[in-house]
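For reference, the structure discussed in these notes is given below.
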Amino acid sequence: MAREIAIQLTPEEARRLTTHAPVNAEAHLEVLKSRHSGFAASKDALDQALRHARRALELDPTFALAWSALADCQSFRVIRGMASPAEAGAEATVAARRALALDPSLADAHLSLGLIQAHSGDARGGLRELDRAVELNPGLAFAHNMRSRVLVAFERHAEALAAANLSVQLDPLSMLIRTVIGDACYFAREYEKSVFHYRMAIELDPRFDGAHTDLARAFEALGRFDEARAAYEEGRRLAGGVAGPAFGLAHLEAAAGNESEARRILGELIAARATRVVSAWGIAALHASLGDVDDAFRWLEVAATEKASGLILLRVHPRLDPIRGDARYWPLVRRLGLADA
């Protein structure tokens, strides 16, 4: 095609166009199904996406894009609190590195590795991989989107918002991409703007629990507690047992002055760690909201040991404001590699 339309290619572009192996059409279709389901981001959708990725690899175990799809499914299961970093995060790392070994020029493989690195304690390394993904494929909307998420972690808010806006321009109908631009606004403390984008995400797909709980979080920050409660409850209805909405309701109770109810929910969540995935990061943040400074730092250390994905937000999350002035806070930020990028 490049020859027919007589465009000028760089030597690197020409090499990439001529070195790709033939693609197994059935495996490629399974990858497309995996991507489609994965971007719905609910528990059932991610389970289905994982099945499609594994089927693609059964059909062609040398298909780099299928390894990337598998990595991203597992990464999102970790990020969304559906699987532990020790289980799914380890498989995501192996799959991403396998994709990269099979095709070092595949932007999706760099994206996959960057995504899991950034959410398992190496945000700087993750950002480098995401930069490389954008360099290899400037039209890959999800790479710009995840790059925005990591830029937020370093308080590079203007760059994060620019990357998020670009990702929406490239894929304006993606609910997940729209949710992340809402996050970029929220962590820049532009709460009204985040409400707009979260509502847009819900309009695109009202089945995604995360958009409802993110909207609730923005309402909570604005002091609009009744709206926040309704959105958290809708998120909990859709979440399929994921702990996020329960954490959100506890933060809301704390913000509204209902400390005893917030502590009741906190106790339930800590007890639930014995039987299901409940993030130590979430427990730490809730202790911070309740003013339990020592407990917050104790659970942050547990989160660091467990490589909790939420730690990427240590530097920027408004819910940590009550402990930000403590002498232990910035040394922890620096130790976790979030001081500079």
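Values in this text are rule-based calculations from the coordinates and carry no lab data. Here the structure is a predicted model, which means the values were calculated and not measured. So basically every Cβ, Gly included, is an ideal-geometry build from the backbone, and we count neighbours across all protein chains shown.
Mind listing whichever residues of segment 72-91 are closer than 16 Å to Ala49 by Cβ, over 9 Å from the mean Cα position of the chain (by Cα) and surrounded by fewer than 24 Cβ atoms within 10 Å (Cβ to Cβ)?
Met82, Ala83, Ala88, Glu91
Go through segment 106-129 residue by residue and tally those that are of a type in the set (A, V, I, L, M), surrounded by 24 or more Cβ atoms within 10 Å (Cβ to Cβ) and closer than 13 Å to His144 by Cβ.
Going through segment 106-129 one residue at a time, the tally reaches 2.
Take segment 211-252 and flag every residue that is basic (Lys, Arg) and touching a residue at least 40 places away in the same chain (Cβ under 8 Å).
none
Across segment 298-338, what is the number of residues that are in contact (Cβ under 8 Å) with a residue 40 or more places away in the chain and among the small types (Gly, Ala, Ser)?
Residues flagged as in contact (Cβ under 8 Å) with a residue 40 or more places away in the chain and among the small types (Gly, Ala, Ser) within segment 298-338 amount to 4.
Can you pull out every residue in segment 113-143 that is outside any helix (DSSP H, G or I) and either closer than 14 Å to Thr93 by Cα or among the small types (Gly, Ala, Ser) (or both)?
Scanning segment 113-143 gives His119, Ser120, Gly121, Asp122, Gly139.
Restricting attention to segment 284-341, report how many residues are touching a helix residue (DSSP H, G or I) at 6+ places or on another chain (Cβ under 7 Å), in a helix (DSSP H, G or I) and under 18 Å from Ala221 (Cα atoms).
The total comes to 11.
If we only count helices (runs of 4 or more DSSP H) wholly inside segment 144-245, which ones have 1 or more residues that are closer than 26 Å to Ala123 by Cα?
157-170, 175-187, 191-204, 209-221
Report whether or not Leu215 is crowded, with 21+ Cβ neighbours inside 10 Å and either among the polar types (S, T, N, Q) or touching a helix residue (DSSP H, G or I) at 6+ places or on another chain (Cβ under 8 Å) (or both).
For Leu215, the condition - crowded, with 21+ Cβ neighbours inside 10 Å and either among the polar types (S, T, N, Q) or touching a helix residue (DSSP H, G or I) at 6+ places or on another chain (Cβ under 8 Å) (or both) - is met.
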